[in-house]
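**Q** Just passing along the structure, written as structure tokens.
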Amino acid sequence: NAGVMQNPRHLVRRRGQEARLRCSPMKGHSHVYWYRQLPEEGLKFMVYLQKENIIDESGMPKERFSAEFPKEGPSILRIQQVVRGDSAAYFCASSPGGEKLFFGSGTQLSVL
Amino acid sequence: ILNVEQSPQSLHVQEGDSTNFTCSFPSSNFYALHWYRWETAKSPEALFVMTLNGDEKKKGRISATLNTKEGYSYLYIKGSQPEDSATYLCAFIQPSNSGYALNFGKGTSLLVTP
């Protein structure tokens, strides 16, 4: 049973470009969480999704950021018109629901 | 977003020492508390999920207690080993109208030297 898969591991974008981060949860998991880790900071909650639904997006910036978890395929975290301050490690985690989270290896986003 | 406080921020002990650290969280409307271990260059891994006041969990040399009335949890490591070196994160769920998001503290960074 493969773990949580995130890709790419590293993503480099220039200011103004779009970044798309992908997360495939563990088999059988229908709950996906996205977190951001800034330098010297802990894991900051961004959004919590179940299949086709956003349950809690209280940690998501209001502009430029969006997330989806379609019926088929991975969860996508999309950042439009990236700025240098978006540079961070983005972690995805999944769970079967109401239990411990299983984390992916993260995507390191660097904005030039 | 609710504040989860962890202390100390970092800790350096000798092999064989026992140690403990604290996670503080809002005590109202408690739902669950998680502990994770995050080793360098790896992903966070779950240690414990705790839901009941007075709960005690144990996994090998690591154990945790929970006090939901006063809003704290302790993580204990008995006879620390170098392989215990990691950042230990606690995370808190407090249900709200927006759902059941899991909010993490900044962690306690533990270094165990031989």
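**Q** I'd like the per residue volume of the convex hull spanned by the Cα atoms of chain B, given in cubic angstrom.
**A** That works out to 93 Å³ per residue.
**Q** Another question, if that's okay. Anything over 27 Å Cα to Cα? Flag those among A:LYS44/B:LYS78; B:LYS57/B:LYS106; B:LYS78/B:LYS106; A:LYS100/B:LYS58; A:LYS44/B:LYS69; B:LYS58/B:LYS106, in the order listed.
**A** Flagged as over cut-off: A:LYS44/B:LYS78.
**Q** So which GluC sites (Glu not before Pro) in segment A:58-112 pass both tests, a DSSP loop state and at most 11 other Cβ atoms within 10 Å of the Cβ?
**A** Listed in order of number, the matching sites are A:GLU63, A:GLU72.
**Q** Now a separate question. Within chain A, what's the longest stretch lacking trypsin sites (Lys or Arg not before Pro) that sit in DSSP loops with no more than 15 other Cβ atoms inside 10 Å?
**A** Between exposed loop sites, the widest span is A:72-112.
**Q** Let me ask something additional. Taking square-rooted eigenvalues a ≥ b ≥ c of the alpha carbon gyration tensor, is segment B:39-97 rounded, prolate or oblate, where a/c under 1.5 means rounded and, failing that, a/b exceeding b/c means prolate?
**A** oblate
Taken together, the values in this text are just the output of simple stated rules run on the coordinates, not laboratory data. Computed from a predicted model, the values in this text were never measured in an experiment. Positions of Cβ are generated from backbone atoms using ideal geometry, with glycine treated the same way; all protein chains shown enter the neighbour counts.
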